[in-house]
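Working notes for the structure below.
Each reported figure results from applying straightforward, stated rules to the coordinates on display, with no laboratory input. Source: prediction; values computed, not measured. Reconstructed Cβ throughout: ideal geometry from the backbone, glycine too, with neighbour counts over all protein chains shown.
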Amino acid sequence: MEQTDVLKQNTSSIQGALARYCREGAAIDLPGITPGRLEHYRRLVLNVVHGILSEAYPIAARCLGSSKWGELVEQFFANHKCHNPQVWLMARELLDFIEETAYHEAKGLPFLPDLLLMEWTEIEVHSMPDNTTPPSTPCPDSQLLSTHLVFNPHYKLLHLSYPVHRIHLDDFEPKPGNFFLLVFREEKSGKVQFVSLSPYFATLLDTVLQSEGIDVLGAKNALVEAGIHAPKSIHEPQLVYFLKSLQDKQFIFGKVA
Amino acid sequence: MDKELHIPGIGLGFRREMAEDMIALTSGKPDFIELAPENWMGMGGYWGKILRRATEAYPVICHGLSLSIGSPDELDMNFLRSLKSFLDEHDVQLYSEHLSYSKCDNAHLYDLLPIPFREDAVKHIAERIEVVQDVLERAMVLENVSYYTPVAAEMDEATFISSIVNESGCKLLLDINNVYVNAFNHQYDPKTFLSSLPLASVAYIHMAGHEQVAPDLIIDTHGQDVIEPVYELFSWALPKLNPVPVLLERDFNIPEMSVLVGEMNNLRNLAHKAWSKQTC
């Protein structure tokens, strides 16, 4: 803890002890307190943390059940130093805590990081700062493969190891694999959409999105050069159908006007 | 800076739960809104649009949550710079914070912890207020907070607050409900307490409801209507204050907008009665 010149060590230590009590809950003895009142501070602090995290991760909270979820929240808050001054961004730090401590492995919840990531990504995409795109017009199907497309800039592409987007709370024993999820924000409504992608479409889309000024055929050829070939079932009609569906969903805005 | 602080009128705390209703109000509108910058900074999408609509519809005052002016930790300069950008972008002239700490050992707690009422804490906070004012290029306004126990106090609360105001030259956000809550919880007379504060430095007033959770304990929840004794304390204090903006806070158990409009009207009538010879 940084000390200023004027704040005495004793005062600083007392403040630190109160803060640690609120985070960790171990009994403390501070001078000049009213008996029975300190507990309210810990209760109020934890109310805020429980409220924010339960709102951010409603599926994870239900999936774990109140006991396991409550234990996770309190473990997180006691052992992780939340660094973000914006309380809604504190929810992201739960994911950091899980990954840093491998909490999910110790508790036999291997899918938990993916589930938290998916739920957090919904918040992140919903709230991410607004970006502008060039003016666009709807792109005819015949041009979707060979035109520079304008994409919705508010998105995340997730690679998951568990199918947490198909979660059924009553019967959830997910098997690991490779799952891809496009998460994007509708331009007009601001609502977040999730689109499940096959591995090839996800890789192709990622290549287009990461490469400036490349069209889809160019991205497909770049993948071939990198040794990644389309599955036998995917030909140009399937690619066009895939792109058309993304345009219908307003992830592809169209072609440059 | 005094001139910049003067935004008279009756305001309402702007929360997501009532954002659409507040923007849509056609009668009984607040004169300004107050929002917590930490809840809106960097926000795009739906909430970014809501914020733009709100700031187009109303003048904005900001009331911060995470500055942690009383913390032993160093001030977070990156946060301060982001905060300044936000205040500038939305033309926020009045920025206030809590006289408490919410971060320690480099960990945020997201709630308001009581600072030991001590002379070294006074000097520590006064130094930090100067830094904050320099970075934000705004006068700082600090709120007297509710506290449920003193911690290692070496002076009383009124002396602590007054010393900080005198030492730093900052302004005071007088939360009348907090005075009532503290007077109840620590068994002192709220009027005597108010009289001992530097009332000429009050730049802003908060009014809110609270919840009694035990025979001897009230928690400052902002989740109930303002009760009559708090209105009475407000009425008693007003003639002793310069006309300043008054805010109604409601954070939980949010009622129909008509109830909040009614409470704002109560505050407006009382303020007008007390300050009728001056602009309110």
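Before moving on, here are some points about what is shown:
- For the protein assembly as shown, the calculated P(r), taken from all Cα-Cα distances in 20 Å bins from zero up to the bin holding the longest distance, is 19, 47, 26, 7, 0 percent.
- Long-range HN-HN contacts of residue B:206 with modeled amide H, under 5 Å: B:174, B:175, B:176, B:247
- The 3J(HN,Hα) values that the Karplus relation (6.51, -1.76, 1.60; θ = phi - 60°) gives for the range B:24-37 are, in residue order, 7, 4, 10, 10, x, 5, x, 6, 7, 10, 10, 9, 8, x Hz. Gly and Pro appear as x.
- Reduced Cα scattering model of the range A:129-256, Debye log10 I(q)/I(0), q = 0.12, 0.19 Å⁻¹: -0.49, -1.13
- Net charge contributed by nearby residues that have their C-beta within less than 12 Å of residue B:88 (K/R +1, D/E -1): 0
- Its Kirkwood hydrodynamic radius, worked out from the mean inverse distance over all distinct Cα pairs, puts the range A:195-243 at 11.0 Å.
- Fraction of the pair-distance distribution of the range A:9-79 above 17 Å, Cα-Cα pairs, percent: 49
- The modelled label-to-label distance for the pair residue B:227/residue B:127, using points 7 Å beyond Cα in the direction of Cβ, is 4.1 nm.
- Of the GluC sites (Glu not before Pro) found in the range B:168-272, those that fall in a DSSP loop while having at most 11 other beta-carbon atoms within 10 Å are B:256.
- Listed residues B:23, B:237, B:259: farthest to the positive end of the dipole of the range B:2-274 (Cβ charges): B:23
- All-pairs alpha carbon distance profile, the range A:52-135, 5 Å steps from 0, percent: 3, 14, 26, 26, 15, 7, 4, 3, 2, 1, 0
- Placed amide H near residue B:143: partners under 5 Å, 5+ positions off or other chain: B:97, B:98, B:99, B:173
- Backbone amide hydrogens, once placed in the peptide plane, bring residue B:103 within less than 5 Å of B:109, excluding anything fewer than 5 places away on its chain.
- Calculated on C-alpha atoms, the gyration radius of chain A divided by its Kirkwood radius gives an Rg/Rh of 1.11.
- Value of [θ]222 nm, deg cm²/dmol, for the protein assembly as shown, DSSP H segments ≥ 4, -39500 (n - 2.57) each, nearest 500: -14000 deg cm²/dmol
- Chain B: radius of gyration over Cα atoms, expressed as a fraction of 2.2 N^0.38 Å: 0.95
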